[in-house]
Amino acid sequence: MNKAYLGIDIGSISTKGVVIDENNEIKAKEYLWTEGNPIGAVKRLLSILKDQLDQEQYQVVAVGTTGSARKLIGVVTEATVVKNEITAHAIGTTSLYPEVRTIFEIGGQDSKIILIENGIVVDYAMNTLCAAGTGAFLSSQAHRLGVGVEEFGKLALTSKKPTQIAARCTVFAESDLVHKAQIGHKKEDIIAGLCKSVVSNYLNNVGKGKKILPPIVFQGGVSKNEGVKKAFEDATGYPVIVDPNGHLTGALGVAVLAKKSKVEKEFTFDIANIEFTTQGAECGKCSNNCEIICVYREDELIDAWGNKCEKGAIKKAIA
Ligand code: SF4
């Protein structure tokens, strides 16, 4: 039996999972929507990965989690590694492209930039506030123009004269877009203009003051959009690499970290039939009134966090 490692990247919008072997080769992978229910999403994810994985050949021996619900899912899956998104993405990307210096990431609701030197993160920035540079913004604009998200990037590449779009924020961008369409700009030019504005918005916000050096890897859901990739190449003057598994890099990164941890425990994928619930409780022992999150497996408390001091610690029922 060969050893395998599971990585789960659970965000507010999407849930990604990969199973890798000793050589970091992906043996099972899935991407699905979190739908506001991280535990439900992970149960669905695991049943899909279980079906994909050749279980006669591979046994998962360690689990890693990342993403905004990493702690919760780390508890549920008894993960050996729980890491933030920056570390997970950096490790995942350097495992594919060891020479990478700059990672651009644009997801459904946020974006980040990570600068790497000799395989180590030297600087990063995240943007979760401005919607104008995200996948959700691009898909809503594609919809407004009557173009499917899949054709959006390809159509942008046919433009000879991208329209200038004021895209510093979604409200400006939307009204400018309507205006430009009304005065007769071609659809492909407006779309190419939008891709350009997403990129300039990104470089002027999350990329502000950052020294962008090649090789550059672009990932996250928006990296599938060829128009945005081209706009990045035009703006930086460097080629931009998009990996076919670029949307899974966070999950890949924590799977690699789980492998490196050398802590092994057989994982059976069998949490689908176990009932997990979370409950919020206010500590109330001082004016901070910390909100404490309690996680139960069946009716047993398995973990709790959110307390800023020991007075608010809630004891686990099991180790
Ligand atoms: S956990 Fe500590 S800091 Fe938070 S409300 Fe309770 S006593 Fe106050």
Exercise. Looking only at Ala258, Ala281, Ala235, which one moves most when the chain is put into a Gaussian network model with springs between Cα atoms under 10 Å?
Worked result: Ala281
For this session: Under a cut-off of 20 Å between alpha-carbon atoms, report the aspartates and glutamates in cross-link reach of Lys311, not counting same-chain residues fewer than 8 places apart.
Result: Glu282, Glu291, Asp303
For this session: Could you state the angle between the C-alpha long axis of helix 38-52 and the longest principal axis of the C-alpha atoms of the chain, as a value from 0 to 90 degrees rounded to the nearest 10?
Result: 90
Seminar exercise, completed: The summed charge of the Glu233 Cβ neighbourhood (under 15 Å; Lys/Arg +1, Asp/Glu -1) stands at +1
Seminar exercise, completed: In whole angstrom, the spacing between the Cα centers of the stretch 264-319 and the stretch 5-30 equals 25
Exercise. Of Lys154/Lys208; Lys83/Lys265; Lys29/Lys208, which pairs sit farther than 26 Å apart, going by alpha carbon to alpha carbon?
Worked result: Lys154/Lys208; Lys29/Lys208
Seminar exercise, completed: Here the net charge surrounding Trp33, from other residues whose Cβ is less than 14 Å away from its Cβ (Lys, Arg +1; Asp, Glu -1), is 0
Seminar exercise, completed: With a 1.4 angstrom probe the carbon and sulfur portion of accessible area for the chain, in percent, totals 50
Exercise. Give me the Kirkwood hydrodynamic radius of the stretch 195-312 in Å, from all C-alpha pairs, to one decimal place?
Worked result: 19.0
Problem set entry | Candidates Val147, Val100, Val42: whichever shows maximal mean-square fluctuation once the chain is modelled as a Gaussian network with Cα springs under 10 Å | Val147
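The values are calculated or read from the model by the stated rules, or taken from the named source; none is laboratory data. Here the structure is a predicted model, which means the values were calculated and not measured. A quick note on method: Cβ atoms are made from the backbone with ideal geometry, for glycine too, and the neighbour counts reach across all protein chains shown. Calculation scope for accessible area: heavy atoms of the full protein, side chains included, ligands and nucleic acids excluded. Shrake-Rupley method; radii C 1.70, N 1.55, O 1.52, S 1.80 Å.
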